[in-house]
Each structure stands twice: as C-alpha cells, then as structure tokens.
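The values are calculated or read from the model by the stated rules, or taken from the named source; none is laboratory data. The model shown is predicted, which means the values in this text are computed figures rather than measured ones. Ideal geometry is used to build each Cβ from the backbone, glycine not excepted, and the neighbour counts take in all protein chains shown. Surface areas here come from the heavy atoms of the whole protein model, side chains and all, with no ligands, DNA or RNA. Shrake-Rupley method; radii C 1.70, N 1.55, O 1.52, S 1.80 Å.
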Amino acid sequence: MNAIFERDLEAKGYIDEPINPTIDIVAEIQRLKKEKNAVILAHYYQEAEIQDIADYIGDSLGLSQQAAKTDADVIVFAGVHFMAETAKILSPSKKVLLPDLKAGCSLSDSCPPHLFAKFKEKYPDHVVITYVNCTAELKALSDIVCTSSNAVQIVESLPEDQKIIFGPDRNLGEYVKKKTGRDLVLWNGACMVHEIFSQDKIADLREQFPEAKFIAHPECEDHILAEADYIGSTSGMLKFTIEDSAQQYIVATESGILHQMQKASPTKTFIPAPPNNVCACNDCPHMKLNTLEKLYNCLYYERPEVDLPMNVVERARKPIERMLEISERLGL
C-alpha cells in the first residue's frame, strides 16, 4: 500500500484511493478530526464545501496566526503549498497535511529563491520584505514577511530612511509604494488570478449594475485598482461588505470569497469581476485542486505531508514571527 501511495503522490500529488460511496464524507471528516486531534484551516479561495467544513477560514494573515497558536496535533491545510509550508514553519512539531501537493502558486513560482538571492545581493543595505505568497526558501532570505492585510503597516513601521526590497508581487508593491510614499525596490512577480481582470468587462458590469460598488484586491494591476471604491485583502473586502451600506458589489479577486460574503450578507448581491477570457469569474486553478474527497483521504491516511529541512524552518520562522509581532502590536 505504501508503494501505491508513493506512486500516487509522485504522479498525481495526492492519495487516489476510492472512497466508499455509502459513507457520509462530511460526517467522516468530522469524526477523523476528533479521533486524530486535527484542525482544518481553509483559505477563502477554497470550494464552498471545504470552507463549510473548516475549523477556521481566513486570509494568509489569519491563517498564519491560527497555525501559530493551534493545539491540534495535525493541521490539514486546505490551501496551496506555500500556506502549508508557513504552517509547518510556525508549528514544526505538528504534522502538516495538504490535500494535493500540486496545489502551487503562480506568484510563488515567479520568484525562484536562487534568482532572488542574486537580486538581493545588489542591494546590501536594504531590508527585505516578502509577501507571504512565496516559498519557505524565499522567506528564509527575508527580514520580514507580510500579507496583503498588513503590508502597508509593516512598511510604515520601519524608519523612513530605511531602504526596502519588496517582493515577489509587483502589483502589491506598487500599491504599497503609493500608500506609504516609500521608494521600494520591487521584484517583478505577479499572481495569474489578479492579472487577468478585464477593465472593459468590469466597465460593462458597472453600467449594468450602477448602484454596485467595485472592490478589488491589491494584487490587481494598477489600472484596475484605479477604478475601485475599496481596495483590501480578502478579509478586508469581506469586512467591508458586511459593514458597508451598499447592496451590490463587483468583486475583483478569486471567486471563492463570494461564498463567505453571501453567507455574511445574504440579502446583498455579489458579482465576480470577469477575467479577459470566456469565463464569467476568476478561479485559481491551484486553489481549486483541493476537493472534499482529497481532503478526506488526506486526513484518513495522513498523507501528503508537508515537511521542511529544520535549517529552513529556523531561518524562515524569524521573518514570519517579526510580522506576527508587528501585527499584534498594531492590533491587526
């Protein structure tokens, strides 16, 4: 059986064992969680059925905070690979599972650590702030990690004369530059989901829904952000739609967040901003690799497991902990 598992993991990235069709898969996942003292952390971009079974749903900052403080023995991370790595860095003694090892990230892939290390050498007097959407190896090259929830505040927490490298997302970096007035050196990386929103289609939607507010994630390109009524992280966008008085919203980020928006504000209307292709909404193909069936097998067999060399864990933990300390101090 182990040989079959290894073959599945290498070829497919997940355990592809058949599941008895007569079982209640949700009830079985709940049973296994109790039996194994496991917790399920899910990102807002997961499928609705995974969000509904999770113990905590959040954005990268919230998920990092949960991973750091959980007393579970097993963390099942319904997200992408770098998120599970972050959980392992913050809880190295715990078993961290990811339903599909091939759930990667285009932004993370856009910044190979060996190339970033050479880039960093050109600016020896700069502090390195990296967006959490990156590999453990890249975090290990950093001074501080940030998320879209706290990037502006973390940059502002440093002395005004401190020179800064910001990576890997150039769009988030440009947004932070405008908000802080700081001259950041940017790595040229981007998220495939947030780079393909269609300005023309969004304009058409705004004509169709003139009362709707347009809200956008700061990973979007500048010409998209320029049109937004509100710019914020996924948790920030969710909070805005709960507290704001408008009844309709056009949402420019991965469409998974709309599930929580609709649950929190059932009388409001949420419209996914369309990409510049034939799709009506913008899904992350990596996030959507995770399924309820893969999550069940992952928890049942406790594979695939995400592990990291201890020297990487130790070096990567410091910039993440610095982020968490700054966030706590600022009440984020």
- Considering only segment 222-279, how many residues are in contact with a helix residue (DSSP H, G or I) (Cβ under 7 Å, 6 or more places away or on another chain), of a type outside the set (G, A, S) and in a strand (DSSP E or B)? 8
- From the list C111, C134, pick out the single residue that is closer than 29 Å to T291 by Cα, open to solvent by less than 10 Å² (accessible area, probe 1.4 Å), assigned to a loop (DSSP other than H, G, I, E, B) and in contact with a strand residue (DSSP E or B) (Cβ under 7 Å, 6 or more places away or on another chain). C111
- Message: Condition (residue is within 23 Å of E325 (Cβ to Cβ) and either open to solvent by less than 30 Å² (accessible area, probe 1.4 Å) or among the acidic types (D, E) (or both)) applied to segment 20-28: is it met by at least one residue?
- Response: no
- Of S142, S148, the only residue that is under 18 Å from T86 (Cα atoms), modelled with pLDDT of 95 or more and among the hydroxyl-bearing types (S, T, Y) is S142
- Within segment 290-298, can one find any residue that is in contact with a strand residue (DSSP E or B) (Cβ under 6 Å, 6 or more places away or on another chain), open to solvent by 20 Å² or more (accessible area, probe 1.4 Å) and part of a loop (DSSP other than H, G, I, E, B)? no
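Yes/no per residue for (1) touching a residue at least 24 places away in the same chain (Cβ under 8 Å); (2) open to solvent by 60 Å² or more (accessible area, probe 1.4 Å); (3) assigned to a strand (DSSP E or B):
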| position | (1), (2), (3) |
| --- | --- |
| I129 | yes, no, yes |
| S142 | yes, no, no |
| P159 | no, yes, no |
| F166 | yes, no, yes |
| R206 | yes, yes, no |
| C220 | yes, no, no |
- Note on the structure: For segment 65-93, the count of residues that are among the polar types (S, T, N, Q) and under 10 Å from the mean Cα position of the chain (by Cα) equals 0
- Query: Pick from segment 172-201 the residues that are assigned to a helix (DSSP H, G or I) and at pLDDT below 95: which of them is surrounded by the fewest Cβ atoms within 10 Å (Cβ to Cβ)?
  - Reply: D200
- Just a yes or no: is a residue in segment 96-107 open to solvent by 10 Å² or more (accessible area, probe 1.4 Å) and more than 17 Å from the chain's Cα centre (by Cα)? no
- Determine, yes or no, whether V155 is touching a residue at least 24 places away in the same chain (Cβ under 8 Å), open to solvent by less than 20 Å² (accessible area, probe 1.4 Å), touching a helix residue (DSSP H, G or I) at 6+ places or on another chain (Cβ under 6 Å) and not in a helix (DSSP H, G or I). no
- Note on the structure: Counted residues in segment 35-52 being crowded, with 20+ Cβ neighbours inside 10 Å and either of a type outside the set (F, W, Y) or part of a strand (DSSP E or B) (or both) come to 9
- Query: Is there any pair with a first residue in segment 2-17 that is at positive phi and charged (D, E, K, R) and a second that is surrounded by 15 or more Cβ atoms within 10 Å (Cβ to Cβ) and part of a helix (DSSP H, G or I) whose Cβ atoms are under 9 Å apart and which are 6 or more apart or on different chains, and what are they?
  - Reply: none
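Residues are listed down the side, and each one gets a yes or a no for (1) in contact (Cβ under 8 Å) with a residue 40 or more places away in the chain; (2) under 22 Å from T135 (Cα atoms):
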site: D244; (1), (2): no, no
site: Y249; (1), (2): no, no
site: P266; (1), (2): no, no
site: T269; (1), (2): yes, no
site: N276; (1), (2): yes, no
site: P309; (1), (2): no, yes
